[in-house]
Structure formats: structure tokens, C-alpha cells
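I have placed the structure first, in the form of C-alpha cells, so that the comments after it can refer back to it.
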Amino acid sequence: MKRRRLVLMMTSAILIVAFSLAGCRSTPMGNEMTQETNQKETTSGPASSKVEETAAPSAFKQSPYLDGIGLPPVQERLPKEPKLTNELPKDALNYEIGTYGGKLRTVRTDPISDSDIFTIENEPLVNSPGLMGEEITPNVLKAYKVSDDQKEFTFTLREGMRWSDGELVTVDDVRFAVEDVLFNKELTTTFPLWLKSTAYADDKPLTFTVLDNNTFKISFDHPYGGFLMQLAVQGWRGYTDFLKPKHFLQKYHVKYTPLEKLEPLIKEAGFGPGEWTKLFTSKDVLNIESTQPKAVGFPVLSPYMQVKAGTVIEFERNPYYFKIDAKGNQLPYIDKLESTMVQNVETAVLKVMGGEVDHSYEYVTIPKVAMLKENEKKGHYKVYINKLHRTANDIHLNLTYEDPVWRQVVRDVRFRKALNLALNKKEFVNSIFLGFAKPSSIEGTDRNLEEAGRLLDEMGLVKGPDGFRLGPEGKKFIIPFEVSSYYDDFIQLGELVVEQWKEVGLQVTLKKIENSLWNSRVQSNQLQATIMFTPGPVQWARQEWGQNLWAPLWDKWWNTSGKQGEEPPAEAKALFNAIFKLRELPLQEALKKREDIRKNIGENYWYYIHSEDIVAPVAVNEKIGNFTDKGWGIAQNFAGEQWFFRN
């Protein structure tokens, strides 16, 4: 124990120096980007409109990577009014005009999923620089307007914008996505809650209206003040719910291609006769599927398009990307992305230190920072310190796991309260985050083993001869944690939880499993206890407060309008209502109502949010420009088209 404390003290000292240097680091200066004429905003009461008016440079420029391959001139590939990039708040980044070229290398431990590339590729219809909702600006869209009553949202497309294969983006692409996919009951069997007029499953879906060749309107029966934030931030959903390349996908849609013509394609894809919906889904690429093999050749609006799948996934710049910098340079600056699969997190970190990775956000955890800082010069990278946009490793007990004894115990709020009282949250902050966080106040920070034991005794969970507590059926009650191998801090936290809950007589086991197996077990409701982060406690607009982990069947019931899963009890419904009610409210009102969620969790101990205000380290190639240590770390990833390699 003394040795462990010594190591922690030494590591903390190194980190204090490292974090202090990070806070003092000046952001690289250069030709500062200006936006004097970029945007025009008018506000009238609760309604608002925002129109982007990009000052067209005298000439546009393209990457030499695109020279000599038979493309139309760059000015013909850009929309009439390109988007002047603004992915980060002005006070967070002194923007440099970058230089073209290079390949950004990332690593992943999942066969098809790379979160770094996913965020770089994600393009919402509207964006929120910095991602926290202080401002909503047009992105894929040219403009938006909100009615006084917050029920109608009018959107304008960018005239002349093109898909990555050169085809024009038109309002027909929106009509196709909404009328032929979203409202097609064969393709969309359960209409998304976030696109209904309220958070209640039996309410009316949105109304869609085409106004002209570039303008459409989305209407709701009730005020929906948070709709723009839903489009910009919630779930990182991008544009793919409202914009799909009709020219590409109509070939697989029975409305446009007769079923008899689709049958050979259905058979070739390995589906049964008449299963055109499975064929369509296999061809359609959602933003969350941008790194999957089916994305190769699929038309996109994102900065890069996938050209190769496999162990190494390769992307090339989109020659029709709609964004520019203030000097008229078509973005992105970097020409290629390359994602390499590695065996585990340890290998990923070693590759970072060896200078083989240009950007790594997910695998650089706080315990690794001291070691990574020591190797910065050798590996030619920098460790930046930002704020984490989510929690890091919350503790979840599955209240809907299919075992009657388990349910009887964990659904008793006394049990959940007792376990919370047995947690030493200050130790978590010091051991897991090395002091660079604080204990969360949501469920209280006091540790009281005596009271925890009293509650367990009151429930009848008496101790057996070996000191471990027995369940109501007289057998030893075991809490079996299974955690993903994706993050090493999950194991560190799990080991502490095992020790701390043992002090009140509970036997807790801990097992690390491969991430894809963990995902499948979550989806099939097979995990009893696990550790995973949640965005909700930090990002006010997010609806993910761990419901899919601590109550998968209740969550499924809520999201399928009661068609699947199990109906939650009244107190859980109250929580779900509070979470989804936030979407209807503008920012300031939502922030006030958000306290209802925290209060509900504090009273019911649905899951354990033990730490807050956590930092987010990231390792980045030392030559990359337009990177900052200000603000939220995840916001940097959404600005990937702005990064460039300095010569």
C-alpha cells in the first residue's frame, strides 16, 4: 500500500507540471481567420433566424492531391456559398490558414469502429461551435428560421452543394430521407421519439413540407425549443436522418425499383426473397457507420470518403466538400486518413509513444499521461489537456437482468443506497484521476459503512460463515462485473469497487471482456453489472444517462412505445420524462430543468456517478496546427477538417 501511495504521489507531481504547462501553452499563431461578413443573425422574441453569408474570396484553391485527375474546377465543385468553417468558438482557437497534404494516422481496437474518425466525419445540419449550445450556426444547411412559438423550423439548403460523387444535393434528397425512409413503416418500424411532437411515445410525428427547390419546413404540434440542439449535438447523429443520396439509394428502394428487379440483388446480398428492406439497409450508410466496409463508394457530404476497408481503413479527401477557409482554400487541409486495427489498448499507447499515431483521443487516459509526457520528444507528439465532455467510468447494476433474486435485491432502493454509501469517491478521484476531478455531488459524497451495513441488514441480507452476505433465497449474493477491454481505467475502478463493497460483506467479481462481446452482451441484456461512461451528467442536451446499461428493458420499452422491453415503474418513468422533456426547452430553461434529473438520480441511485469535472488528455502529432488545449476535448475532433501538418 505504501508503495502504491508513493507511485501515486510521484505520478501526480509529474501530472501537475504537465497540466500546468498545458494551461500555459500558447495556441499557434498565424494568419488569423476572420469572419466579419460570415454570418448575419436576427432575433425576434423567442424566434430566431440565422443565415450564413460567406464573403466569397476572389479565387478558390484546392489541394494539389486533386490536380490532374479530371475533376471540374474547384469553384464548380463548391456550393454557390460555401461554408466558412467555424467548428470551435472564437475564444478557443486562433485559427491558422493551413497548408495542404499529409495523412492522419489513427488506431482502433474494434474491427470496424474508429471513434476518432467518426467524429471527424460527422457533419450535422447545424452546428454548435464548442458543442455546448451557446450558439447554433448553419453547417450543412445554408440557413434556418424558427417560428415565434418554437413549433416550425424552416431550413435552406446550400445551392449547388454536391455529394462526393459529384451529384447535386437537392430538396429531393431530403424528401427521400423523410418520406421514403423515415415514414416508410417497413424501413422505420418504430418512429424515433426525438422526431415526435413531445417526448411521449403516442404523440404525433413531425410534419414535413417542401417549400421550394432549396427550402423545407419541419413542424411539430408542441413547442420544441431544443430541436436545433438535437440536430447539432444529440447522439452525434449528423445529417443522415434528413439527407440521403436519392440518386444512389433509389436503386435499392422498392418504390423506385420494382421488386422483381431487386430480387437478383437481394439474393446476391444473401437475403431471402422479397427482403428488399434488408438490402436497402445494407446499402444505406448512417453517420455512425462511416467506418464500416459498406461505406466504401457511398456518396457523402463529410470531409473524407472511405476508399478501403479491412484491418487498415483508408479515407481520401472529398473533392466536393462544401467548406472553405477565409482565404478560399477548400477544406480539409489533410489529404488522407488511415485507421489501423491493433490488438489492445496497450498496443495503441505504445504506437502513440513510437510516433506511429497522429491523433489518439480514446486511448490516452489520465493514468497514461505521465508516461506519455515523458516520451513526447521521442515520439514527436504533444499531449493536450482539455475538459472531458462526459463522465469517465460510471458504475451500473442492471435492474432488468432476467433473474428474480437479482431483481428483488437490486430493485430495492435501500440496497442501491447502501452500495453508494460504501463507495469511497475521494479514493476514486485520487487513484483513478490522480486528483484531476472531483467527487460527484449527485448522490452524495459521504462514505458511511455503518449505515450501509444497517440498510443491508434491514433488507435481510445477512452474512454467512465466510462473512459474505446471502441473498433472500439463502445463497451467497454475488455482483459479477463484466467490463469492456476498451479502457484500462474501467479495470482500475472495478478493482477498487471490489475492495470497497467487500467491506460491507458483498462478494464482487471482476472480469474484462473484449469490447465487441461487451456490446453484444449489453444489447442482449446479459450483463448484470458493468462500468461505462455516460454523456448526460455533463452535456445538458444529451439523453443518455445510462438507461441502456442499468435498465435495458425499461429503456427499450420507452423507445419502442411499449412494443418491446418492460414497462418501468413510476419513479423511473419520471426520470425518463424529465430527460426527454429537456429537448422541448431552450438552453436556459433546460439547464434549470436538468436539476430535476440530478435530483431523481440522487434519490433513487439508478446508477453511480462518482466523479465530475474530469480532464480529457489527447496525444497529437506535434506538427498538427489548429489544435488547442481550450474547451471540450471532443469539440476538437469535430474540427478535423481544420487540422493541418506544418512543414
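Here are a few things to note about the model shown:
- Set of lysines with alpha-carbon distance to Lys382 below 26 Å, sequence-local pairs under 8 removed: Lys90, Lys103, Lys336, Lys351, Lys368, Lys373, Lys438, Lys623, Lys630
- With a Förster radius of 51 Å applied to the C-beta separation of Asn519 and Lys327, the computed FRET efficiency comes to 0.70.
- Summed side-chain charge close to Arg583 - residues other than Arg583 whose Cβ falls under 11 Å, Lys, Arg +1, Asp, Glu -1: +3
- Accessible surface of the chain [probe 1.4 Å, protein heavy atoms]: carbon and sulfur percent: 51 percent
- Counting only protein heavy atoms and using a 1.4 Å probe, the accessible area of Lys308 comes to about 100 Å².
- What the Cα atoms of the stretch 162-237 give is an Rg and a Dmax of 13.7, 41 Å.
- When only alpha carbons are used to place a centre, the stretch 124-139 and the stretch 291-328 end up 22 Å from one another.
- Based on protein heavy atoms only, the stretch 101-253 ends up with 33 Å² per residue of surface accessible to a 1.4 Å probe.
- If the chain linking Lys204 and Gln408 were pulled fully straight, counting 0.36 nm for each residue of separation and taking away their Cα-Cα distance, it would gain 69.8 nm.
- Alpha carbon Rg of the chain, scaled by the compact-globule rule 2.2 N^0.38 Å: 0.99
- DSSP assigns beta bridges within the chain; of those with both partners inside it, close to 75 percent run antiparallel.
- Evaluated with a Cβ-only charge set (Lys, Arg +1; Asp, Glu -1), the chain carries a dipole of roughly 960 debye about its Cα centre, given to the nearest 20.
- Alpha-carbon centroid distance for the pair the stretch 529-552 / the stretch 422-483, whole angstrom: 20 Å
- In straight-distance terms, cross-link reach from Lys217 covers every one of the lysines whose alpha-carbon lies under 22 Å from its own, apart from those fewer than eight places away in the same chain; here that gives Lys40, Lys50, Lys80, Lys83, Lys142, Lys145, Lys151, Lys185, Lys196, Lys204, Lys244, Lys246.
- In order along the stretch 119-128, the Karplus-derived 3J(HN,Hα) couplings, from 6.51 cos²θ - 1.76 cosθ + 1.60 at θ = phi - 60°, round to 6, 4, 7, 5, 10, x, 4, 10, 10, 10 Hz, and Gly and Pro are given as x.
The values are calculated or read from the model by the stated rules, or taken from the named source; none is laboratory data. All of these numbers come straight from a predicted model, not from anything done at the bench. A quick note on method: Cβ atoms are made from the backbone with ideal geometry, for glycine too, and the neighbour counts reach across all protein chains shown. These area figures cover heavy atoms from the full protein model, side chains too; ligands, DNA and RNA do not enter into them. Shrake-Rupley method; radii C 1.70, N 1.55, O 1.52, S 1.80 Å.
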